[in-house]
1. When B:LYS256 is evaluated against the numbered criteria (1) modelled with pLDDT of 85 or more; (2) open to solvent by 60 Å² or more (accessible area, probe 1.4 Å); (3) touching a Phe, Trp or Tyr at 6+ places or on another chain (Cβ under 7 Å); (4) not small (Gly, Ala, Ser), which criterion, by number, is the only one it fails?
2. Would you call B:ILE57 at pLDDT 80 or above, open to solvent by 20 Å² or more (accessible area, probe 1.4 Å) and more than 10 Å from chain A (Cβ to nearest Cβ)?
3. Restricting to region C:165-214, give me the number of residues that are in a helix (DSSP H, G or I), touching a His at 6+ places or on another chain (Cβ under 9 Å) and not polar (S, T, N, Q).
4. Of (1) open to solvent by less than 20 Å² (accessible area, probe 1.4 Å); (2) within 29 Å of the chain's Cα centre (by Cα); (3) facing another protein chain (nearest Cβ under 9 Å), A:HIS471 satisfies all except one. Which?
5. Would you confirm whether any residue within region B:214-237 is aromatic (Phe, Trp, Tyr), on the phi < 0 side of the Ramachandran plot and either in the same structural domain as B:ALA328 (by TED's automatic domain parsing) or in contact with a His (Cβ under 8 Å, 6 or more places away or on another chain) (or both)?
6. Can you tell me which residues in region A:351-372 are at the interface with another protein chain (Cβ under 7 Å from one of its Cβ atoms), outside any loop (DSSP other than H, G, I, E, B) and free of Cβ contacts under 8 Å to residues at least 12 places away in the same chain?
7. Kindly indicate whether A:ASP59 is within 42 Å of the chain's Cα centre (by Cα), open to solvent by less than 100 Å² (accessible area, probe 1.4 Å), acidic (Asp, Glu) and at pLDDT below 65.
8. Look through C:SER331, C:SER290 and report the one residue that is farther than 20 Å from D:GLN45 by Cα, facing chain D (nearest Cβ under 8 Å) and part of a helix (DSSP H, G or I).
Amino acid sequence: MFLGYIFRKLSFLGNQYALYRRTTGPYDRRSMEGAAKKLDKSLEKNLACLKGMFSDSCDLKIHPLELGPDRWPAAILFIEGMADNNKITEGVLRPMNEWRPEGTLAAGQRLIEELAKKVLCAGSIKPLSSPEEIVLECLSGNTVVLAEGCTSGLIVGTKGWEKRSVSEPQAETVIRGPREGFTENICNNTALIRRKIKSGKLHAESLTVGRRTQTDVRLMYLDDVASRQVVDEVKKRLSRLDVDAVLESGYIEEYIEDAPFSPFSTVGYSEKPDVIAAQILEGRVAILVDGTPFVLTAPMLFIESFQTTEDYYSRPLYASLVRMLRFAGYLITVFAPALYIALTSFHQEFIPTNLLFSIANAREGTPFPVLLETMGMVFAFEILREAGIRLPRPVGQAISIVGALIMGDAAVSAGLVGAPVVITVAITAVASFLVPAQNDAGSVLRIIMMILAAFTGWYGISMGFLAALIHLGSLSSFGVPYFDGLAWTRDQEDTIVRLPLWFMIRRPKAIPETNQIRGRFFIPSFRPHEALDEDEEDADERRGEGT
Amino acid sequence: MRGIWLKSAGLLMVLLLFSLLLAGCWDYHELETLFIVTGVGLDKAAEPEKMEIILQIGKTRSPATGSSDSSNQKDSIILMKAIKDTTVEGIMQLDQNSSRTLLLHHNQMMILGRDIAEAGVKGRIDGFLRNQEMRMEILVMVADRRAEEILSAKLEEEQISSMYLYGMMQDLYNISPYYKIRMLDFVSRLRDGTSSAVAPIVKLDELEDKKELKLEGMAIFKEDKMVGSLNDQELQGYIWTMGDVRQSGVAAQSDKGRAVFHIAKLETKREVGLKPEGNVRVKLSVYATLDVAELRGFGEMTPLELMPYLVDLSEKQISQQIMAAFKAAQELDADIYGFGLDFHRLHPKVWKTIKKQWDQLFRELELDVEVNVKLPATGQIAKSLEMEDAKP
Amino acid sequence: MRIDKGSISGMQFMFAMACYIQASTLLTSFVAAVTTQDSWLAALFGSLVCLPLIWLFRSLMVMFPNQNLLEILDEVYGPVLGKILGAAYCWFFITLASINLTDLGDFTKLTIMEETPNVVLLIMCILVAAMAVRKGVSLVTRFSDFFVTVAFSILVVSIVLVLNQIKPANFLPIFDQPPIKYIQGTHIIATIPYGELVVFLMIHPNAKMSRRDTGRYLLWAFFLGGFTMLFIVLRDVAVLGNTLDMFTIPSLVTLRLVNLGMALSRVEILFVIILIMLLFFKIMVLYYISVLTVAHLLKIKKYRNLVLALGALMVTYGLTLYPCPVRHAASAQETVPFIWSPFEILLPLLTFIVAKIRKLPVRKEM
Amino acid sequence: MITVLIFFALILLIDLYPIVRRRSWRGAFGFLLLFIPALTLAILQQKNIEVPSLMLALGDLLKSWGISYR
């Protein structure tokens, strides 16, 4: 009976999958059905048609005009809020109103040409005749100029809407390093990256994703560094993507990542231009999505989560120390509660006698088994964290104070939980903030490890650890082995220790690229400047020419 | 298609594994279901062939509920007792009759009652070696009378007497590693065949208002039976013979006064050899570095005379104490120094021929002691108050 | 026919072999019970005796750079005899894998999980190993360098921790046992870690290394593993002395004795870490090779679907092999060296000689 | 017993199914060659029937030929 159930369950899943496969045909633009293929000569008809295509939205502004002394009917269309009012007034409305053509008005297509050449003032002006395209342009903030008797309209670049200015990113803060963060505006973001890498080889490519949202997506990579396979793979996956909406880069991430069921994310992201620039310089591809300050990078390596830009801005010794601390912190945050469970309920022999007595004293009289106690505390912590994030900052702090101090203390003194558990969970929680990029994977692993520890103690933890290792080893991100950065035998410059920058002559081998050399090996002069002899100056000159 | 199949089947498999695991967590013991055994004692029972197994259990108290009144020391330990043929039987009986499971991993020591030590221990400690929970690092001690009274002693300093003893032995270990007899050392001697095992004797002193545990000499085992003991002076001699002394003191008395030296370092070298006439001769060279710790008397000597005199005095004292210990051991026919083992290690070929008669050879063994003392330091003061030069 | 097309670097191949030898050092108790305080001599002799053996493996690898053991057998002895020998090797690999699997269970039971049934431990281990085996050779050998590093550091740390308990006199007397014991000890060492390297003849075609590098990598692996073994035995002898042969797992007892004040004691967890990690690696390699061998013998192209079935067989077969660890140890000391010798020493040697006589491999391209 | 059977059934589901789908009869043969002994041994062990140890038997054989230490 049980077998039958499993069988039915499995075949259900199979059917679901088959259903999914069947429905994914080529994408058809059903929303545009019934629209005319080309504009009509009559302005009235055109306006009606376009109005229909906008489903009579109230924010579509149609402004009728009369051109010249002939009072030739014309109209401009734009979407309120998407287009810059100033630009429309100065660039479109005023010139058109004040236009006094010599002689009679040219009719039809020539009128449009004349308007474009002589009248309108704007950065970009182009004629379009397909209503669909006109609608799209209008939707992205441009103004459409239509005139009676013309089968094409003019698109005037008047994009401009209220946007957040470049400010310090909220998710990633630094003590030393640039403070600017990406904004929601994709053009701005592209420019921010380009400002860091002023190279003609920095290639930017535009795509549109999302059936309804028509989100602008841009790929940026260094043409002579990034490996073709990775770039092609990214493009292939993006072009395969066929969805209704892309509201944030997270949507794209989920659709293009390699292992959707894995707790580890195989696409990296950042909010800071310097991080993305560094990633691009190592041969990765950046994926910018309009409407979000988070830029994706691919391929992603496991080690990336442990590297922060600040490592490279501070001195190597300290950076290495912090790097090790981060690895330790990650191990602690994943394994500490599990270890506590294993040690106190399976392997009391590993605890020094005095410590065992104090733990036993604390455990004495607490009502729950260790697993429940620890699980409860871990959950309480997750609740507190979530509550703290979603609330406005001042309230969030209040919550953490209430949660951590008052609740923890009260629980211990009421004898509900033992103090060692509180300490363990507190360490776990604090350590989890050391590696924010792996926070979600860490939480999942932590719970798995705790369950394993509660069933077979240290053996279970070991097996869980090995399974996690093997899982990590089997993952790959856009054809690049995910765990490669941590291989014991290569890319040693920048893993557990960070060597001085002048040691990192080559780009990391783990990421495939076509151009290995980053710069020349260079030892900072330990001598005073006067001692520089001519040879070295020559070398300096040559270096200048070489790059 | 296959991917989804495999994934879901794998997931089910893992769930199944969990359910299997849920069915039994075999080694799972919550801390509050455990009795942490801190000491094991063996005593002879009234019936022959049986023995009393005494377990000392450190009691845990909840900090949240009860106010910790340290005056009520009775609560800090639990003593359990069983009378059985073997240790394991006893422990099993105690385990079954108690509300909690016994955790033997934190056992600090095995205390042998004097009577059981004298009757022989080989058959008694097999369980200790075999049980995975018994560690080789637990200490072996012999109780002056019965093990029970040592384990039940309530001390001022430490509420659990075996923890106290462990600390004491750890302290002595810093003086010389030969004070601390672990199960491993004990068993190693027992297995060796010719060497005699030793174990420190612990004695309970009942004063008017409190009890005190003291180290009193060293028990000497012949085969596996305790045959005698070394007193404090002899014990010191024994320790010095074994060498590797890191701190300790030598007190010497002569007609001119009394001198106490502090041992900074004491090392020995042993040469075991067979003399042509057939008996074994051991040449023991002791190299000691001493400091002058305290002087009394020596009033009529100048510092220049004094130093060589003190060297001589300390050399005599050390050699005398070493010989005293050796005599005591020789009388008992017990090779506590492992001379036989040395012989075995250095002359394995000859050893095979004389192994059988080692007892005889040990009885006739000649020990040549040669003590070399260096006395580089006189402490903070160069002259003592009683000396001639110091007087104004 | 290459079933697993994954490729590994020469370094990885080397580390895999080193890790494999290191994993076998957990079984030193077999030798310790035979030669007691002279076990380190047995380890040393065993290593020296095995140098020619390593050379033999290297010659086979160099002579047939693109063929694994079964294909070599086919080519050298012809299809029929080659198949029979292949089947024998198949049994050998599966048995070896099962024995190591039960070893893991037994040792884990002896050290940390006293009451847990063996079968649960084995199933957990097999499931995790199957994850890797399904993905092929590159994942199986992937973490060997990590494991070697961890094992090495734990070895160094453990030696430092027991420095205060070392008694050099424990090594004396040297050569106190009858010569047959030394031969036996050497034979055990030669067959149990080193001879088992024959399994790597199954995956050497996947390793990308030049002719010259093959020997170098083999030698390095041999040294890395051999040194670990020698130092483990030396450490145990120096600490435990004449009680060495009493214990089922001397290394565990050695680490239990660590005592540097109250805080730095009870560090046997270090031993448990390498025990589980290294034995797991060994099992994973043997598991993978057994699956590969079965697939190869039956000419099945997709070996992935055999993995779980063979895992189940390994668990059930392993549980029948030895009724208790004592019988296991006795058999490992007395008869196993003889049972393994044909597979590990005689057959490779014979293959090498026959191949030389028949002037194989015939170079087709030239 | 039930758990053992479920385990084996799962192995069948996971591995035999794709083999049969592929119509790789050689693969199915190989699979069953491993699966059936495993299942038999598992059932025998569940029923507490002593299965003779191959290694010990081989050892005894060698011993009877005199090839053994001790």
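The values are calculated or read from the model by the stated rules, or taken from the named source; none is laboratory data. Keep in mind it's a predicted model, so treat the numbers as computed, not measured. All Cβ positions, even for glycine, are placed from backbone atoms using ideal geometry, and neighbour counts span all protein chains on display. Surface areas here come from the heavy atoms of the whole protein model, side chains and all, with no ligands, DNA or RNA. Shrake-Rupley method; radii C 1.70, N 1.55, O 1.52, S 1.80 Å.
1. Every listed condition holds for B:LYS256 apart from (1).
2. So B:ILE57 does not fit the description; no.
3. 1
4. Status for A:HIS471: all satisfied but (1).
5. There is no residue in region B:214-237 that is aromatic (Phe, Trp, Tyr), on the phi < 0 side of the Ramachandran plot and either in the same structural domain as B:ALA328 (by TED's automatic domain parsing) or in contact with a His (Cβ under 8 Å, 6 or more places away or on another chain) (or both).
6. A:THR353, A:ASN354, A:LEU356, A:PHE357, A:ALA360, A:ASN361
7. For A:ASP59, the condition - within 42 Å of the chain's Cα centre (by Cα), open to solvent by less than 100 Å² (accessible area, probe 1.4 Å), acidic (Asp, Glu) and at pLDDT below 65 - is not met.
8. Criteria check complete, one pass: C:SER331.
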